[in-house]
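Working notes for the structure below.
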Amino acid sequence: MSEILIPRRDFLKKATAASMALSLNQTSFSPSLKKRKNKLPKWRGFNLLDFFNPDPENGRKTKPDYYKYMSDWGFDFVRIPISYPSYLDFDRSKPIRPDEVLQFNNRVLDEIDEILTNCHNQNLHVSLNLHRAPGFCINAGFKEPYNLWEDQEALDAFCAHWEMWSKRYKNISIKKLSFDLVNEPFKRLDPNDQHSPGGAVPIAEYRKVAEVALKTIKGINNKRLVIADGNGGGGTAIPEFADLDLHQSCRGYFPMHISHHKASWVFKDPDSLPSPSWPGMHNERMYQKEDLEKHYAPWIALLEQGVGVHCGELGCYNKTPHEVFLAWFGDILDILDENGIGFGLWEFSGTFGVLNSGRTDVDYEDWYGEKLDRKLLSLLMKNA
């Protein structure tokens, strides 16, 4: 190969000009270069509901093959939403008492250990979440003895549970395990009435709970990744927490008339609801992708503040027409993907799931005896 000699001064001028031109072109045509990198990995996977119910006998048990399916399909994440009474010893025929909330059942804890082991054997990161914490759950149906947002005794119990989990899993790598403090903070007038009016937890109250729990966890393993769910039921970003060593978790349920069509735990009279469309009108308002972009703008702004963001739950109840669901869901996944935000589908198998969702408008594929929603799986795998 012959060597062409260029005077150094001319070479530097041309190289600098070319570099500037390339930089301008990249700035103009690659908007992603402007975006701050997400401090959380882009985990993608599913929620597993083995201990979602306060009674461990009523959990939705994960079959051993499910872990392999997730891994083989290219997913790397599992969120485990746990109801704290599920791993306690107490008389379930009566409301739980404050003196019973730390009576841990070692047999059940061992079963949760096994789920983590099964996940890790398939290279699935686990996010452990208190879906029902002492004194709070967004779902009614289990009478709490106190209020997490207001009562010191509830906060002490909450931290005692996170102390137990932190010590139990102290030596598991942060690459394999993270903690999600409490599911979907919300404050109702009557915590035991699912349809009682309410809204976001006052920031000072939520921050107090988050700070004390964070101190508890970091005091045992200061490298542990800790996540706080968005306020107001998970959907509202919390810039007021940006100074804390906390990442945040959003939701993929907006708007609720799409994601929870005819869901009895959301709407008092679900059968009266009109069939949704996407994009489409609802209550004299047009909903389309631009509305989703506005909804997620505060979450993307958190990335600019150096806060890691993940979407811990997203999906759609099986009463929404399938094609409407897929059109809406594809828009959400695109927005998350464009901003480097991972997700956890609620759930793997069940009414929101990729398996056995019980829809009447899906031509299911037989997957080793399971009913697979191939269209949904393909959409998820596009971003996996």
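Residue-by-condition table, conditions (1) over 18 Å from residue 200 (Cβ atoms); (2) aromatic (Phe, Trp, Tyr); (3) touching a strand residue (DSSP E or B) at 6+ places or on another chain (Cβ under 8 Å); (4) in a loop (DSSP other than H, G, I, E, B):
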site: 226; (1), (2), (3), (4): yes, no, yes, no
site: 254; (1), (2), (3), (4): no, yes, no, yes
site: 258; (1), (2), (3), (4): yes, no, yes, no
site: 261; (1), (2), (3), (4): yes, no, no, yes
site: 271; (1), (2), (3), (4): yes, no, no, no
site: 275; (1), (2), (3), (4): yes, no, no, yes
site: 286; (1), (2), (3), (4): yes, no, yes, no
site: 291; (1), (2), (3), (4): yes, no, no, no
site: 297; (1), (2), (3), (4): no, no, no, no
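Restricting to the range 340-376, give me the number of residues that are within 30 Å of residue 308 (Cα to Cα), among the polar types (S, T, N, Q) and crowded, with 20+ Cβ neighbours inside 10 Å.
1
Give the residue that is nearest to residue 251 (Cα to Cα), with candidates limited to residues of the range 178-216 that are crowded, with 17+ Cβ neighbours inside 10 Å and of a type in the set (S, T, N, Q).
That would be 183.
Filter the range 70-100 down to residues that are within 20 Å of the chain's Cα centre (by Cα) and not in a loop (DSSP other than H, G, I, E, B), then give me how many there are. Talk me through it step by step, then tell me what you get.
Here is the first cut: in the range 70-100, the residues within 20 Å of the chain's Cα centre (by Cα) are 70-71, 73-84.
Pick out the ones that are also not in a loop (DSSP other than H, G, I, E, B) and you get 70-71, 77-84.
Residues that pass the stated criteria total 10.
Evaluate the following for residue 249: is it at pLDDT 95 or above, assigned to a strand (DSSP E or B) and among the polar types (S, T, N, Q)?
Numbers: at pLDDT 95 or above: yes; assigned to a strand (DSSP E or B): yes; among the polar types (S, T, N, Q): yes.
For residue 249, the condition - at pLDDT 95 or above, assigned to a strand (DSSP E or B) and among the polar types (S, T, N, Q) - is met.
In the set 106, 139, which member is out of contact with any helix residue (DSSP H, G or I) (no Cβ under 7 Å at 6 or more places or on another chain), surrounded by fewer than 17 Cβ atoms within 10 Å (Cβ to Cβ), within 30 Å of residue 215 (Cβ to Cβ) and modelled with pLDDT under 95? I'd like the intermediate steps shown before the answer.
Working: 106 fails: modelled with pLDDT under 95.
Only one candidate passes the filter, namely 139.
List every residue pair whose Cβ atoms sit under 7 Å apart, with the two residues 6 or more apart in sequence or on different chains, where the first one lies in the range 168-190 and is within 18 Å of residue 138 (Cβ to Cβ) and of a type in the set (A, V, I, L, M) and the second, anywhere, is in a loop (DSSP other than H, G, I, E, B) and modelled with pLDDT under 95.
189/196; 189/197
Quick one: how many residues across the range 155-199 are acidic (Asp, Glu) and more than 20 Å from the chain's Cα centre (by Cα)?
4
Quick one: residue 175 ticks every box in (1) surrounded by fewer than 20 Cβ atoms within 10 Å (Cβ to Cβ); (2) assigned to a helix (DSSP H, G or I) except a single one, so which number is it?
Looking at each condition in turn, residue 175 falls short on (2).
Exactly one condition in (1) in contact with a Lys or Arg (Cβ under 9 Å, 6 or more places away or on another chain); (2) within 27 Å of residue 296 (Cα to Cα); (3) not small (Gly, Ala, Ser) is false for residue 376; which is it?
(1)
It is to be established whether one or more residues within the range 317-331 are surrounded by fewer than 22 Cβ atoms within 10 Å (Cβ to Cβ) and touching a Pro at 6+ places or on another chain (Cβ under 7 Å).
yes
So which of 101, 126 ends up being among the β-branched types (Val, Ile, Thr), surrounded by 15 or more Cβ atoms within 10 Å (Cβ to Cβ) and touching a strand residue (DSSP E or B) at 6+ places or on another chain (Cβ under 6 Å)?
Only one candidate passes the filter, namely 126.
How about the range 45-62: which of its residues are in contact (Cβ under 8 Å) with a residue 24 or more places away in the chain, of a type outside the set (S, T, N, Q) and out of contact with any helix residue (DSSP H, G or I) (no Cβ under 9 Å at 6 or more places or on another chain)?
Scanning the range 45-62 gives 49, 60.
Just for the range 243-269: of the residues that are of a type outside the set (A, V, I, L, M, F, W, C) and without any contact (Cβ under 8 Å) to a residue 24 or more places away in the chain, which one is surrounded by the most Cβ atoms within 10 Å (Cβ to Cβ)?
Filtering the range 243-269 for residues that are of a type outside the set (A, V, I, L, M, F, W, C) and without any contact (Cβ under 8 Å) to a residue 24 or more places away in the chain, the one surrounded by the most Cβ atoms within 10 Å (Cβ to Cβ) comes out as 264.
Does residue 126 qualify as being under 18 Å from residue 182 (Cβ atoms) and either modelled with pLDDT of 95 or more or of a type in the set (A, V, I, L, M, F, W, C) (or both)?
Working: under 18 Å from residue 182 (Cβ atoms): yes; either modelled with pLDDT of 95 or more or of a type in the set (A, V, I, L, M, F, W, C) (or both): yes.
So residue 126 passes the test.
Can you tell me which of (1) among the aliphatic types (A, V, I, L, M); (2) more than 23 Å from residue 74 (Cα to Cα); (3) outside any loop (DSSP other than H, G, I, E, B) is the one residue 307 doesn't meet?
Against the list (1) among the aliphatic types (A, V, I, L, M); (2) more than 23 Å from residue 74 (Cα to Cα); (3) outside any loop (DSSP other than H, G, I, E, B), residue 307 comes up short only on (3).
Criterion first (surrounded by 15 or more Cβ atoms within 10 Å (Cβ to Cβ), touching a His at 6+ places or on another chain (Cβ under 8 Å) and modelled with pLDDT of 95 or more) does residue 155 satisfy it?
On the way: surrounded by 15 or more Cβ atoms within 10 Å (Cβ to Cβ): yes; touching a His at 6+ places or on another chain (Cβ under 8 Å): no; modelled with pLDDT of 95 or more: yes.
Against the criterion (surrounded by 15 or more Cβ atoms within 10 Å (Cβ to Cβ), touching a His at 6+ places or on another chain (Cβ under 8 Å) and modelled with pLDDT of 95 or more), residue 155 does not qualify.
Could you list, in sequence order, the residues of the range 107-142 that are farther than 17 Å from residue 56 by Cα and not hydrophobic (A, V, I, L, M, F, W, C)?
117, 118, 120, 121, 122, 123, 125, 127, 135
Given (1) in contact with a helix residue (DSSP H, G or I) (Cβ under 6 Å, 6 or more places away or on another chain); (2) under 30 Å from residue 67 (Cα atoms); (3) surrounded by 17 or more Cβ atoms within 10 Å (Cβ to Cβ), where does residue 149 come up short, assuming only one miss?
(2)
The values are calculated or read from the model by the stated rules, or taken from the named source; none is laboratory data. None of these values were measured; they are calculated from a predicted model. Don't worry about glycine lacking a Cβ; one is built from the backbone with ideal geometry, like all the others, and counts go over all protein chains shown.
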